[in-house]
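Just so you know, all these numbers are worked out from the coordinates, no wet-lab data involved. All values reported here derive from a predicted model rather than from experimental measurement. Glycine gets a Cβ as well: all are built from the backbone with ideal geometry, and neighbour counts include every protein chain shown.
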Amino acid sequence: MSEEINPRPTEVEHFLDVDPLRDTYRKSITHSPAVTRSLATHHTAMLCIDMQYLDAARGHGVFADVEASGVPPEAQEYYFDRLKYVVLPNVRRLQDAFRSRELEVIHTRIQSLTLDGRDRSAGHKRLGLHAPPGSKEAEFLEEVAPRGDEIVLNKTASGVFTSTNLEYLLRNLGITGLFVVGVYSNECVSTAIRDACDLGFYVTLISDGCATVTPDLQKATITTMKDRYARVLTTEEALAELVEVVTV
C-alpha cells in the first residue's frame, strides 16, 4: 500500500510558489526611483557582453568544430537562431537608442593581451578559450560592433568587474546604472549583473537581448536575476522607458 510521506499543507505548498523577499528587493534594489532617475540624468550606460566571433558565430571559435564544442547540434541551432532573429536585432535597436540620446555604450570581449595567451586566467586556460589580439575570434559581430570612440574592455575571465577596470571607468564616467545584454546569459552576463549589483549599480537585464545554449538555462538565468540583482525588461519595454524619461 502506497502512502504519501510527510504531506505538505496547502498553505505551505502555496508559500513555496512565492518569492518571500521579492517586494523587499524590488523596493530597495531593482525598482527604486533611483533606477529611472539614473537613466533620466544620463548616468546609465549600456553594457554589451562578449558579442564576438569567439562565442557567438557559427563556424568560429568555440563552434569551429561542432562536435568538439561540447554543445549538441540542436542546442547550437537554438542558440544561433535566438541570436540571429531575436538578440542581435534587439541589441542593435537598443544601441541605436542609447547612441541617439548620447548615453554610453560599452563593450566587453574575450581577448588576451598576448598572442600565445599566457596572460589568460587559469579558468580560460583550462577551458581552452583563447582570442588573441587581431584574431577573427576577437572581432565583434558586425551588427552590434562598437562605433566611434565607444569604450571596449578586453577580458580573459567570466567576470568583467573582476578582470578589468570597469568599475573604475564607470565611476569616472559618473555611471550609476547599467542596461546589460550579451552572451552567455548564465555565465558572463549573470556574473556581471551580480557583481554590478553588489557594487551598488542599478542593473537592468534585457531578457530578449541575451542568449545561452538551452531554453532551460535562459529561463533559469532570468528567474535568478529578476527581483534580486536586476530589473528585467524586454527590449520594447526598455525602448519605451528611454522615450519616456530621457531627454534627447
Simple spin-label estimate for Val86 and Leu169 in nanometres, 7 Å along Cα-Cβ
2.8 nm
Using Cα positions and a limit of under 20 Å, work out the lysines in reach of Lys155, with same-chain residues fewer than 8 apart set aside.
Lys125, Lys136
Separation of alpha-carbon centers, the range 168-199 and the range 24-65, rounded to whole Å
6 Å
Within 10 Å of each candidate Cβ there may be at most 15 other Cβ atoms; applying that plus a DSSP loop requirement, which trypsin sites (Lys or Arg not before Pro) in the range 120-213 survive?
Lys136, Arg147
How big is the chain along each principal axis, measuring the range of its Cα positions in Å and listing the largest first?
65, 53, 33
Compute the Rg/Rh shape ratio of the range 32-119: radius of gyration over Kirkwood radius, all on alpha-carbon atoms.
1.09
Using a Förster radius of 22 Å, what is the FRET efficiency between Asp65 and Asp216 based on their Cβ-Cβ separation? Nearest 0.05, please.
0.35
